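Report on the structure given below.
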Amino acid sequence: PIILGIESSCDDTSAAVIQGSTILSNVIASQKVHQKYGGVVPELASRAHQQNIVPVIQTAISEAKIRQKDLDAIAYTIGPGLLGSLLVGSSFAKSLAIALDVPLIEVNHMQAHIFAHFIKDANDEAPEFPFLCLTVSGGHTQVVLLKSYTDLEVIGETRDDAAGEAFDKIGKIMGLKYPAGPEIDRLAKEGNPNAFKFTKPKVDGYDYSFSGLKTGVMNFLNQQQQKNPNFIQENLNDLCASVQHTITDMCLEKLYLAAEDLGIKSLALAGGVSANSELRHKLNLKTEEGYKVFIPKFEYTTDNAAMIAIVGKIKYENEQFGELTSKSQARFKL
Ligand code: ATP
Ligand code: FE
């Protein structure tokens, strides 16, 4: 089938066309308006989605070199995400499905982050079931056990902030623009990861907590800035390297613990933070211990519609279609 995927859950408007498991186009309009606010402003996000959605979808269709009437189904993000943003994508998806008289497919955004692995060329080979996926993004940090396309279980997750949120909030304290994650990654390359030690909060099982780390870093920086007002500027690379080192270790510790407990040898990474070079590097080292490691290409880590389209393709084959009356859901469990 040829399927159009539409993603609008947060601050990226994206549309992609997939044929089988091959991506024909994947167009992303990232909203710049949020940078100066240090985080996504929901009202501005939905307005920008309204401006972007038509040109983004038109571009996706023309880049795919297909005609609108070639589409067999429309897949869209039903949740989780910002309600106003989700509604722009869902309204458009529904109208187009009616106009073309094709089925609608409802896609869970977090499932899509993981299923990006099944896009042809997303990695050297797709993960085989069962595998564990560490999904680390702007709003989620989860260890997910996948036994099949339909058997997904969240076995651990954050009790407060997500890993991406920790990057972004700590970056904001250090004066970096939103989203700070990629900037910290870049600055960390010139820094010493052991320059500063930050306490890692202890959490039972496979769950996470990042808000304590954020507070710890903030208190440390406040103390240092009182002695030396230029502390952050003078130590920016070391600070970024140390923060990144701590967050990536925290992310991986729980994944490895779960892998040992469950005896699972295939480990995957998904979500925006999986673009992080240190996280990718550290996980890759696990291959030396006999693990199989799956890390998607950069373009499929942060929000994109290709990942929505691949879930659309899998659900289409299983005839799992949506309804015109379904409501977008800000909170939506896997
Ligand atoms: P969710 O998927 O949970 O709804 P989201 O869609 O907003 O949240 P993504 O687009 O998947 O999140 O990821 C965005 C997050 O990834 C941001 O927090 C950003 O800082 C982080 N990020 C992107 N690149 C990097 C990087 N190289 N290093 C660290 N963090 C990164
Ligand atoms: Fe996302």
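Throughout, read-outs are computed from the coordinates displayed, never taken from laboratory work. For clarity, every value in this text was computed on a predicted model and none was experimentally measured. In this analysis, Cβ positions are derived from the backbone assuming ideal geometry, glycine residues included, and neighbour counts consider all displayed protein chains.
List of remarks:
- Unit charges at the beta carbon, dipole of the chain: most positive-side option, GLN31, GLY181, SER9: GLN31
- Under 19 Å of direct C-alpha separation, and excluding same-chain neighbours fewer than eight residues apart, LYS227 reaches these lysines: LYS197.
- Modelled FRET efficiency - R0 45 Å, MET218 with GLU125, Cβ distances, 0.05 increments: 0.60
- Sorted by Cβ neighbour density within 10 Å, fewest at the top, the residues ARG331, ARG159, ARG280: ARG331, ARG159, ARG280
- Computed FRET value (nearest 0.05) for THR199 with VAL154, which takes r as the C-beta separation and R₀ as 22 Å: 0.25
- Within segment 168-207, backbone nitrogen closer than 16 Å to the virtual label 7 Å beyond the Cα of LYS227 toward Cβ: 195-198
- Reachable lysines, given that their alpha-carbon falls under 27 Å from the alpha-carbon of LYS69 and they are not under 8 places away in the same chain: LYS94, LYS120, LYS313, LYS315, LYS327
- The GluC sites (Glu not before Pro) of segment 241-334 meeting both criteria, a DSSP state outside H, G, I, E and B (loop) and at most 14 other C-beta atoms within 10 angstrom of the site's C-beta, are GLU319, GLU323.
- Added length on full extension, which subtracts the Cα-Cα distance from 0.36 nm per residue, GLU63 to GLU234: 57.0 nm
- Highest mean packing first, where packing is the average number of other Cβ atoms within 10 Å per residue, the peptides 165-171, 68-74, 128-134, 141-147 line up as 165-171, 141-147, 128-134, 68-74.
- By average C-beta atoms within 10 angstrom, highest first, the peptides 223-234, 17-28: 17-28, 223-234
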